[in-house]
Amino acid sequence: MISDSENKKISKFLSLVLRHQPEKVGIVLDENGWTDVTELIDKLNLSGLGVNFEVLKYVVSSNNKQRFAFNDTLDKIRANQGHSVDIELNYKSQTPPNILYHGTAEKYLNSIFESGLQKMQRHHVHLSADVDTAIKVGQRHGKPVVLIVSANEMYTTGLEFFLSDNGVWLTDSVIPQYLKVLNS
Ligand code: HQG
């Protein structure tokens, strides 16, 4: 497949970008250190490292310390340990206030009350502790509507909330049962 020295070279470079300097090739790690496999391969190739999916799988499986792992669907990859970048530490699991708010646009309401608040392209659903912030967030999408989220009720059922360093409340999803429209 590839020579040992080529394998080692790719592995070292993977350690560098998956643990320390993702920005070196322009990838982004999520809060748990995962990054998109297709994007990683594209960016590695742009950096002059000839890597395709088969080669990447080989490097991961043959690594002497199993430094890297794919997720179950093989579309994300991360380093198993040894990070110097601040993954996870940005988001602390917290007891939320009784109520949090989510700003959205009127046009999304039907869908939200059908399938709940979903994280869409992001890692979490973003919530705020105050109404003004929610209105501003909602305005980005159209005519703003503020939803009241029964955060503490969710929390008591075991659902997790995180507070980012910049004060944004985060959770995985919110089912319609915990949502109400704030009447202005
Ligand atoms: C909506 C900015 C249909 C959701 C802001 C939102 C925020 C659904 C949109 C941060 C849905 C996603 C996040 C469903 C959710 N059906 N629509 N089932 N579930 N939606 O931008 O909360 O500049 O990904 O209501 O300040 O607007 O990035 O999320 O309208 O904190 O740092 O789908 O983005 O910060 O939109 O904004 P977004 P968001 P940054």
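The table that follows gives values for the structure above.
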read-out	value
At most 14 other Cβ within 10 Å, DSSP loop - GluC sites (Glu not before Pro), the range 1-107	Glu88
Relative contact order computed over the chain (Cα-Cα under 8 Å; 6+ residues apart), in percent	20
The range 100-181, accessible surface, carbon-and-sulfur percent (1.4 angstrom probe)	50
Relative contact order (%) - criterion: Cα under 8 Å, at least six apart; region: the range 100-181	42
Rounded FRET efficiency, nearest 0.05, which uses the C-beta distance separating Lys24 from Val168 and R0 of 22 Å	0.20
Lys, Arg +1 and Asp, Glu -1 on Cβ, resulting dipole of the range 100-181 about Cα centre, debye, nearest 20	320
Probe 1.4 Å - accessible area at Thr156, Å² to nearest ten	100
Choice from Asp30, Asp172, Asp72 showing the highest fluctuation, given a GNM over the chain with Cα pairs closer than 10 Å	Asp72
Rounded if a/c under 1.5, otherwise prolate or oblate - the range 26-151, Cα gyration tensor axes	prolate
Rounded to the nearest 20 debye, dipole of the chain from Cβ charges on Lys, Arg, Asp, Glu	340
Positive-end extreme of charge dipole, the range 4-79 - chosen from Leu44, Val28, Val59 (charges on Cβ)	Val59
Dimensions (Å) - the range 100-181, Cα atoms, principal axes, largest first	32, 29, 22
Mean separation of Cα contacts under 8 Å (6+ apart) over length of the range 4-79, as relative contact order %	32
Extension gain, Ser115 back to Phe70 (0.36 nm per residue minus Cα-Cα distance, nm)	13.3 nm
Greater than 18 Å apart at Cα, pairs in Lys119/Lys143; Lys8/Lys65; Lys107/Lys180; Lys107/Lys136	Lys119/Lys143
Calculated [θ] (222 nm, deg cm²/dmol) that DSSP helices of n ≥ 4 give over the chain, each run adding -39,500 (n - 2.57)	-8500 deg cm²/dmol
Heavy-atom accessible area per residue - the chain, 1.4 Å, Å²	58
Exposure rule at most 14 other beta-carbon atoms within 10 Å, DSSP loop trypsin sites (Lys or Arg not before Pro): the chain longest free segment	1-64
Counted charge near Lys8, where neighbours are those whose Cβ lies closer than 13 Å (Asp, Glu -1; Lys, Arg +1)	+2
Estimated FRET transfer efficiency when R0 is 25 angstrom, pair Asp36-Asp130 (beta carbons, to 0.05)	0.15
Approximate spin-label separation Glu54-Lys9, in nm, with each point projected 7 Å along Cα-to-Cβ	1.9
Computed E for Gln139/Asn183 - FRET, C-beta separation, R0 22 angstrom, nearest 0.05	0.80
Principal axis dimensions, largest first and in whole angstrom, of the range 4-79 by Cα	31, 26, 20
Student exercise, the range 27-112 dipole from Lys, Arg, Asp, Glu Cβ charges, in Debye to nearest 20	240
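The values are calculated or read from the model by the stated rules, or taken from the named source; none is laboratory data. The model shown is predicted, which means the values in this text are computed figures rather than measured ones. Don't worry about glycine lacking a Cβ; one is built from the backbone with ideal geometry, like all the others, and counts go over all protein chains shown. We work out accessible area using only protein heavy atoms, side chains counted, and drop any ligands, DNA or RNA first. Shrake-Rupley method; radii C 1.70, N 1.55, O 1.52, S 1.80 Å.
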